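Before any comments, here is the structure.
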Amino acid sequence: MDKKDNDDEGEKKMLNETSLKNLENSEYRLEIFKKYSALEKPAWKRVDYKYEEPVEYKDFNNTTLRNDKQQGLEVKDIKNSLEDLKRLESENEYGLGEFFKLQNFAFYNEGKFVKVNRKTDVKEPVYITYTTNKENNFLVDYNVIEVEDFAKATIILTYTSEDEEAAYRNGVIRVFAGQNSEVNLVKIQTLSTNSSNFESSKIETLGQGKVTYSSIELGAKINGISHKTYLLEDSAETYILPGYLADADRKLDLEYSVVFKGRRTIGEIHGKGAVKDTATKVFRGNMYFERGASKSEGREGEFAILLDKNVRVHAIPTLFCKEDDVIGEHYASIGKVDEAQLFYLMSRGLSEGRAKKLIVESSFRPIFENINDEAIRNHLLEELESRI
């Protein structure tokens with residue numbers, strides 16, 4: 001709704017002070033709301049989208065945890081983690097902008113704080129699953145993962161729907177990877193295809209820490225994703241593996257960035273995706289080499305398969321360099337299904353449709369193989385096959 005809506009429309013609008021007064025930490029929320037309410041709603045020209053605010057605030061009560069009771073591991077609600085959040089505050093900016101950040105701070109209704117203690121090797125993946133439905137269709141989640149020095153963990157965050165009800169999500173994911181830590185973060189989003197999904201995420205990695213982040217976007221009609229990784233100290237590494245499917249009239253605006261600050265750091269972004277029907281997709285990959293990041297290496301790019309002629313796609317790889325002694329590489333490969341591959345598969349007796357499905361599925365496999373859960377991999381492949 002526009003700020004000039006009349007009083008009757010204002011009464012219907014539930015993202016207001018009234019919905020905050022009875023929530024925990026209400027004084028903080030109300031203070032944030034004052035700043036939020038003064039901001040203009042965003043509009044994204046490349047995907048031709050003007051933001052629509054949710055109709056009402058609602059509680060969210062459909063989160064499940066698995067493998068959250070392991071030695072050296074602590075998982076608790078974000079509302080009980082305010083002291084931890086203060087301790088982990090940093091000035092490293094990230095996200096979709098002030099509007100979504102303040103909305104999240106004011107209206108968060110779910111989220112988890114995950115801490116892996118120093119020198120702990122968490123043997124089993126930790127699963128956090130948010131499932132939307134008719135009763136739980138408003139999700140504003142704030143998640144923080146802290147993996148201390150010399151610790152290892154795999155975290156699998158899933159956002160899914162159990163019906164076709166349109167859902168709204170504005171989520172935050174923050175990761176702190178200590179020195180010599182190893183983090184495998186998998187985020188899977190398969191919300192109903194008439195939902196809206198907005199996400200801001202940040203990873204901060206210390207010396208010799210290594211983070212692999214697989215970000216899979218298969219659901220929601222509107223997707224706005226902004227991720228930024230900071231390689232803060234020497235020999236830190238990150239590998240970002242985005243995968244997406246844009247079909248029907250869906251709109252995806254995806255941005256992934258790596259900021260190199262330490263020496264001899266390695267940062268890579270390798271996106272894979274497919275676009276069909278009349279969908280619109282924007283993929284931005286950014287590498288920022290800060291002064292002092294000598295001997296660092298950055299590689300980023302995207303491989304996108306176009307399955308129809310009426311799609312709209314934009315690939316925007318960018319390098320920003322303030323340090324001379326670095327390696328920065330970028331690429332973008334966007335095109336139709338490889339004709340030679342298609343001919344070969346059809347010569348083996350496959351139909352054209354089945355052959356195209358196999359080609360698309362094969363492009364996603366490097367990302368899916370990073371998910372050490374056969375049931376999830378099979379589910380994602382089935383989801384792809386049903387929609388290609």
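Observations, loosely collected:
- The C-beta contact set for segment 359-388 (first residue within 17 Å of Ser215 (Cβ to Cβ), second residue polar (S, T, N, Q), distance under 6 angstrom, 6+ apart or interchain) comprises Ile367/Ser214; Asn370/Ser214.
- For Leu358: the one exception among (1) part of a helix (DSSP H, G or I); (2) under 28 Å from Thr154 (Cβ atoms); (3) open to solvent by 40 Å² or more (accessible area, probe 1.4 Å): (2)
- Yes/no for Gly267 being part of a loop (DSSP other than H, G, I, E, B), in contact with a strand residue (DSSP E or B) (Cβ under 8 Å, 6 or more places away or on another chain) and open to solvent by less than 30 Å² (accessible area, probe 1.4 Å): no
- Residue check for Ala166: more than 26 Å from Leu232 (Cα to Cα) and part of a helix (DSSP H, G or I): no
- Put simply, of Thr278, Thr193 the only residue that is part of a loop (DSSP other than H, G, I, E, B), within 20 Å of Asp48 (Cα to Cα), of a type outside the set (Gly, Ala, Ser) and in contact (Cβ under 8 Å) with a residue 40 or more places away in the chain is Thr193.
- Residue within segment 324-339 that is assigned to a helix (DSSP H, G or I) and at pLDDT below 80 present: yes
Residue-wise test of (1) touching a helix residue (DSSP H, G or I) at 6+ places or on another chain (Cβ under 7 Å); (2) free of Cβ contacts under 8 Å to residues at least 60 places away in the same chain; (3) over 18 Å from Tyr331 (Cα atoms).
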{"position": "Glu217", "(1), (2), (3)": "no, yes, yes"}
{"position": "Asp234", "(1), (2), (3)": "no, yes, yes"}
{"position": "Glu255", "(1), (2), (3)": "no, yes, no"}
{"position": "Phe260", "(1), (2), (3)": "no, no, yes"}
{"position": "Gly271", "(1), (2), (3)": "no, yes, no"}
{"position": "Tyr288", "(1), (2), (3)": "no, yes, no"}
{"position": "Gly298", "(1), (2), (3)": "no, yes, no"}
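- Qualifying position, being surrounded by fewer than 23 Cβ atoms within 10 Å (Cβ to Cβ) and outside any loop (DSSP other than H, G, I, E, B), among Ser235, Ser257: Ser257
- Number of positions in segment 307-323 that are surrounded by 18 or more Cβ atoms within 10 Å (Cβ to Cβ) and part of a strand (DSSP E or B): 3
- Segments classed as strands (runs of 3 or more DSSP E), wholly inside segment 63-151, with at least 3 members that are open to solvent by less than 50 Å² (accessible area, probe 1.4 Å) and under 24 Å from Ser161 (Cα atoms): 112-116, 126-132, 138-147
- Criterion: open to solvent by 30 Å² or more (accessible area, probe 1.4 Å) and in contact with a strand residue (DSSP E or B) (Cβ under 8 Å, 6 or more places away or on another chain) - qualifying residue of Lys202, Lys228, Lys221: Lys221
The values are calculated or read from the model by the stated rules, or taken from the named source; none is laboratory data. All values derive from a computational prediction rather than experimental measurement. We place every Cβ from the backbone using ideal geometry, glycine too, and count neighbours over all the protein chains shown. Ligands, DNA and RNA are stripped out before the accessible areas are found, and what is left, the full protein with its side chains, is counted by its heavy atoms. Shrake-Rupley method; radii C 1.70, N 1.55, O 1.52, S 1.80 Å.
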